[in-house]
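Colleague: Handing you a structure now.
What follows is calculated from the coordinates using simple rules that are stated; it is not laboratory data. Bear in mind the structure is a predicted one, so any value in this text is a computation, not a measurement. So basically every Cβ, Gly included, is an ideal-geometry build from the backbone, and we count neighbours across all protein chains shown.
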Amino acid sequence: MKLAPPRHSLLVALLLASGLCHAQGWNYPGWRDTPAVRVKAQALLQTLNAELLAGSSATRTLQQWCDEHRMANPARIRALRDSQTRKEADETVRRQLQAKPDERIGYRRVQLVCGERVLSEADNWYLPSRLTPEMNQALDHSDVPFGIAVRALNFRRQTEQVKLLWSPLPAGWEMKMPALPPTTGQLEIAPQVLQHRAVLYQAGNVPFSVVVETYQRDVFAFALDGEK
């Protein structure tokens with residue numbers, strides 16, 4: 001007899017399916033393809049980037065972003081753990097973690113979700129030997145965000161690389177706004193808009209985690225100009 005999938009698995013599948021459905025179209029008012037909207041989108045992208053760089057936790061920053069832009073009620077960030085994906089640590093990751101040649105490196109991939117919107121996908125490599133058994137248990141068997149699971153370490157975050165994966169305006173726009181084509185409808189936003197690579201350090205400047213966070217277009221899933 002075939003068993004029904006766990007309720008948690010069904011929830012994850014529904015959320016992922018919802019994200020794929022919404023990715024095919026943009027149904028939020030105000031996102032017309034006009035010069036003014038492109039400037040607003042540029043400002044929003046740079047604001048999010050600055051807030052992420054200034055914060056010690058991407059989860060907390062996204063929580064505030066979700067709340068300020070009324071993206072869900074309640075505005076709460078949840079982590080959906082992908083237990084199927086596995087990415088081995090390359091030499092760059094091992095070097096950044098200062099791992100011993102034979103030391104095991106853990107891997108975790110999650111989606112950070114506000115409501116039913118996937119705001120970020122995060123790949124995280126970490127050293128279990130530098131965490132407590134309770135932290136490793138939480139990371140292996142729950143959907144708790146990484147930063148929350150290890151917050152007792154009072155860690156600091158150092159961003160190593162920032163990539164703008166999408167820009168609504170061409171390079172040099174601030175010197176002279178180029179002529180844009182006539183409005184054709186909604187502004188086309190790339191599926192992925194921003195990526196951060198960071199190293200987390202515990203006391204004594206000891207690295208224990210490398211994270212690559214890729215922010216999705218749904219960070220803009222709200223109406224512009226107060227439209228509903």
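Colleague: Between W166 and D140, 0.36 nm times their residue separation minus their Cα-Cα distance comes to what? Don't jump to the answer; show the numbers that get you there.
Modeller: Values: separation 26, 0.36 × 26 = 9.36 nm, distance 3.32 nm.
Working it through step by step, the gained length comes to 6.0 nm.
Colleague: Rounded to the nearest 20 debye, what is the charge dipole size of region 77-161 about its Cα centre when +1 sits on each Lys and Arg Cβ and -1 on each Asp and Glu Cβ?
Modeller: With only Lys, Arg, Asp and Glu charged at Cβ, the dipole is about 220 debye.
Colleague: Could I ask something else about it? If the chain between K100 and A43 were fully stretched, how many nm would it gain, using 0.36 nm times the residue separation less the Cα-Cα distance?
Modeller: Residue separation times 0.36 nm, minus the Cα-Cα distance, leaves 16.2 nm.
Colleague: Straight-line reach from K87: which aspartates and glutamates have a Cα under 15 Å away, not including same-chain ones fewer than 8 places off?
Modeller: Here the aspartates and glutamates satisfying the reach criterion relative to K87 are E121, D123, E213.
Colleague: I want the local charge near Y201. Using Cβ-Cβ distances under 13 Å, sum +1 for each Lys or Arg and -1 for each Asp or Glu among the other residues.
Modeller: Here the count lands on +2.
Colleague: Taking a point 7 angstrom from the Cα of Y201 along the C-beta vector, which residues in region 116-158 have backbone N less than 16 Å away?
Modeller: Of the residues in region 116-158, 153-158 have backbone N under 16 Å from the label point off Y201.
Colleague: Which of the peptides 96-107, 120-131, 49-60 is most tightly packed, and how do the rest follow, going by the mean number of other Cβ atoms within 10 Å of each residue? Spell out each step's value before the answer.
Modeller: On the way: 96-107: 13.6, 120-131: 20.2, 49-60: 16.0.
Going by the mean number of other Cβ atoms within 10 Å, highest first, we get 120-131, 49-60, 96-107.
Colleague: If you average the alpha carbon positions of region 125-140 and of region 55-94, how far apart do those two centres end up, in angstrom?
Modeller: Region 125-140 and region 55-94 have Cα centres separated by 18 Å.
Colleague: Per residue, how much space in cubic angstrom lies within the convex hull of the C-alpha atoms of region 55-134?
Modeller: On the way: hull volume 9.8 nm³, N = 80.
Convex hull of Cα atoms, per residue: 123 Å³.
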